[in-house]
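What follows is a short report on a single structure.
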Amino acid sequence: MYDAPDMDRNQYLIVDEPYYRTVADEVALYEAAYAARMPVMLKGPTGCGKTRFVEHMAWKLGKPLITVACNEDMTASDLVGRFLLDINGTRWQDGPLTVAARMGAICYLDEVVEARQDTTVVIHPLTDHRRVLPLEKKGELLSAHPDFQIVISYNPGYQSLMKDLKQSTKQRFAALDFDYPGAQAEAEIIAHEAGVDADVAAKLVQVAQRSRNLKGHGLDEGMSTRLLVYAAQLINRGIAPVDACKMALVRPLTDDADMRDTLDAAVGTYF
């Protein structure tokens, strides 16, 4: 009942260890949650390492990982599956959630708040003691593989009355809080990921901290660790630090001319 073809399972396995710099006890906490097959919600700002953490844990546990980038147009059928018409007639095609439940993968719903609320409710039967997925169009009640786990990511900074998770969804998950790492840890991550020296990495972190202090004062979000890595990669390829920072840090963040000037000045302070 739970067997899946090796080639199907293997294509979702992460072969090479994804680099992840542990910040606190999040690895041990996640391992305990996985041992209980507990649904987990990762909460934190954009680009702080939530997706990399899930990839690292899937590799560490040796489990397949199926990632779904949620969006407002995603329907329940996109997650669960649908009947398709081909030359031989109609056939059923599993969606990514169903594939994960069948094979015992970790199913990661990235930025789940972007999905419509009537879509996210389909995960509810998988997140309690039942661990089942009703395939109503197919007339099948799928019992999840013993190794199956569902993980969602969620950015509380973007929550609103129109885009927030229902309490009936939130309270089905254990939650881990993520934030941008401390200055030293973040500099280590940037240096490792982009191959720049420690001094350049530290200066990029200082620029980012300036921007994060402006959150709620003209910026919705500060510069993410991901953007800092982008800037460092450009610097490592010979781009002048000021130009790299403008391209990878300032211009993606805002179109407001005054805010761009403020951020450009922060870059000029360190570079």
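The values are calculated or read from the model by the stated rules, or taken from the named source; none is laboratory data. Predicted model only: the values in this text are computed from it and were never measured. All Cβ positions, even for glycine, are placed from backbone atoms using ideal geometry, and neighbour counts span all protein chains on display.
Observations
- Scanning region 135-152 for residues that are at pLDDT below 95 and closer than 16 Å to residue 172 by Cβ yields no hits at all.
- Listed by first and then second residue, the pairs with beta-carbon distance under 7 Å, at least 6 apart or on different chains, first residue in region 30-59 and under 18 Å from residue 173 (Cβ atoms) and touching a residue at least 60 places away in the same chain (Cβ under 8 Å), second in a helix (DSSP H, G or I) and of a type outside the set (Ser, Thr, Tyr), are 30/57; 34/61; 40/33; 42/50; 42/53; 43/156; 44/50; 53/26.
- Only one of 200, 196, 229 that is within 29 Å of residue 17 (Cα to Cα), modelled with pLDDT of 95 or more and touching a Pro at 6+ places or on another chain (Cβ under 9 Å): 200
- At least 3 residues being in the same structural domain as residue 259 (by TED's automatic domain parsing) is the threshold, and among the helices (runs of 4 or more DSSP H) wholly inside region 134-238 those reaching it are 183-194, 198-212, 225-236.
- Leading residue by the ranking (farthest from residue 42 (Cα to Cα)) among those in region 136-155 that are buried (at least 19 other Cβ atoms within 10 Å of the Cβ) and touching a strand residue (DSSP E or B) at 6+ places or on another chain (Cβ under 6 Å): 142
- Residue ID - nearest to residue 34 (Cα to Cα), chosen from residues in region 93-128 that are surrounded by fewer than 23 Cβ atoms within 10 Å (Cβ to Cβ) and among the small types (Gly, Ala, Ser): 104
- Single match in 23, 15 (criterion: closer than 27 Å to residue 194 by Cα, free of Cβ contacts under 8 Å to residues at least 60 places away in the same chain and surrounded by fewer than 19 Cβ atoms within 10 Å (Cβ to Cβ)): 15
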